[in-house]
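One structure is given here, and the rest of the page talks about it.
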Amino acid sequence: MKKVILVLTFLWALFGTNLVGGDSALTHVTFIPQWIPQAQFAGYMMALEKGFYRDAGLDVTILRGGPSSPPIEALKSGSATFCSVWLSTAVQQRSSSRLKLVNLAQIIQRSALMLIARKSSGINALNDLNGRRIGLWQGDFKIQPDALFQLQHLNVIEVPMYSTVNLFLKRAVDVISAMWYNEYHTLLNSGFTQNELTTFFFSDYGLNFPEDGIYCLEETLKEKPKVCKSFVQASLQGWIYALNHQEETINVVMRCAEAAHTGTNRAHQIWMLARMKDLILPVGNKTILGALDEGQYKLVTTTLLSLGLIDNPPLFEDFYRSQK
């Protein structure tokens, strides 16, 4: 028995916790994006795939997001440690529902939200939107359109729009809201050429809202500051890798998408990843990867205030907690 104990003691000293399983020394956390597996979240997939989270001491589970799994609710219930949501969503939640959300890193620096119309419908400029039927996503996606219509004094007919572009394809509406990296490309794949479409990017009309960021609850940051820092830094490492190794990344994205039965295709994900690079590292933007610009933050809070969607915006230094 003494010999056995000596052997075990030697092995423990030599291999440490690996003797009882490699994950025992890792801290388990969960992350939920706001939508289904796609290139919009490639950085997190690659951080997991390449072992960046593990190297940072984390055992990360990436949950499936989407309409049936709202990220904010996942944080509230404790089923997720971290989530990805839009800046405007997080500000609204913290101000209006008093949910103590904190921004740990701002991933997307430029708004990808846009309006799309057929040129054949006679829509070539903003004023041409007057009196037109416009298909709009509801909730957070309506903030920028509502602000644009108010600022430009436009009277439009709003039609609720959901997860497809069918309203536009069937000519039930003249204009639809879309994401540059997603629905716009879907229309191109449906047979439209770029010359047949008129596009209005909100970023071109003083409404350039940063979108996806990494969030957690304030209490999580207080209780686990090292875990939060490790998760953010490994995620940023994942994004750098994804944007610099796009073919490898698309292979991983497609594997995850197929496992989730999303029904996407490789060409669409290639387009999406290329657009994510444009949005995360916009040309001419001096903001470093993962940082939230205070001026952009004030633009979002001012717009939300003007629309009556918040009454008391959080202080920038309380809301943004850089983990760089």
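The values are calculated or read from the model by the stated rules, or taken from the named source; none is laboratory data. Quantities reported herein were computed from a predicted structural model and do not represent experimental measurements. Heads up, the Cβs are rebuilt from the backbone with ideal geometry, glycines too, and the neighbour counts pull from every protein chain shown. Note: accessible area is taken over every heavy atom of the protein model, side chains too, but ligands, DNA and RNA are not part of it. Shrake-Rupley method; radii C 1.70, N 1.55, O 1.52, S 1.80 Å.
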Taking segment 119-140 and the residues there that are in contact with a strand residue (DSSP E or B) (Cβ under 9 Å, 6 or more places away or on another chain) and part of a loop (DSSP other than H, G, I, E, B), the one that is least open to solvent (accessible area, probe 1.4 Å) would be Ile123
Filter segment 46-82 for residues that are under 21 Å from Ala257 (Cβ atoms) and charged (D, E, K, R); the one that is surrounded by the fewest Cβ atoms within 10 Å (Cβ to Cβ) is Arg64
Out of the residues in segment 95-118 meeting the condition of being outside any loop (DSSP other than H, G, I, E, B) and at pLDDT below 95, tell me which one is surrounded by the most Cβ atoms within 10 Å (Cβ to Cβ).
Ser95
Among (1) among the hydrophobic types (A, V, I, L, M, F, W, C); (2) more than 25 Å from Gly43 (Cβ to Cβ); (3) under 23 Å from the mean Cα position of the chain (by Cα); (4) assigned to a helix (DSSP H, G or I), where does Phe149 come up short?
(3)
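Residues are listed down the side, and each one gets a yes or a no for (1) out of contact with any helix residue (DSSP H, G or I) (no Cβ under 7 Å at 6 or more places or on another chain); (2) closer than 25 Å to Gly78 by Cα; (3) open to solvent by 70 Å² or more (accessible area, probe 1.4 Å):
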residue	(1), (2), (3)
Thr186	yes, no, no
Leu197	no, no, no
Phe200	no, no, no
Ile214	no, yes, no
Cys228	no, yes, no
When you scan segment 120-132, do you find a residue that is touching a residue at least 24 places away in the same chain (Cβ under 8 Å), touching a Ser or Thr at 6+ places or on another chain (Cβ under 6 Å) and within 21 Å of Ile310 (Cα to Cα), even just one?
no
If you take the residues in segment 23-45 that are in a strand (DSSP E or B) and out of contact with any Ser or Thr (no Cβ under 6 Å at 6 or more places or on another chain), which one is surrounded by the fewest Cβ atoms within 10 Å (Cβ to Cβ)?
His28
Result of the Cβ filter at 8 Å on segment 140-156, keeping first residues that are in contact (Cβ under 8 Å) with a residue 60 or more places away in the chain and polar (S, T, N, Q) and partners that are assigned to a loop (DSSP other than H, G, I, E, B) and surrounded by fewer than 16 Cβ atoms within 10 Å (Cβ to Cβ), at least 6 apart or interchain, is Gln150/Leu307
Report yes if some residue within segment 306-320 is open to solvent by less than 40 Å² (accessible area, probe 1.4 Å), modelled with pLDDT of 95 or more and among the β-branched types (Val, Ile, Thr); otherwise report no.
no
Members of segment 162-194 that are assigned to a helix (DSSP H, G or I) and either over 14 Å from His268 (Cα atoms) or touching a Ser or Thr at 6+ places or on another chain (Cβ under 9 Å) (or both):
Asn166, Leu167, Phe168, Leu169, Glu183, Tyr184, Thr186, Gln194
Taking the options Ala267, Ala242, Ala234, Ala260, name whichever one is surrounded by fewer than 18 Cβ atoms within 10 Å (Cβ to Cβ) and either modelled with pLDDT under 95 or in contact with a helix residue (DSSP H, G or I) (Cβ under 7 Å, 6 or more places away or on another chain) (or both).
Ala260
Which of the helices (runs of 4 or more DSSP H) contained wholly in segment 232-324 include at least 1 residues that are farther than 23 Å from Leu104 by Cα?
246-259, 266-280, 294-306
Considering only residues of segment 152-161 that are out of contact with any helix residue (DSSP H, G or I) (no Cβ under 7 Å at 6 or more places or on another chain) and assigned to a loop (DSSP other than H, G, I, E, B), which is least open to solvent (accessible area, probe 1.4 Å)?
Asn155
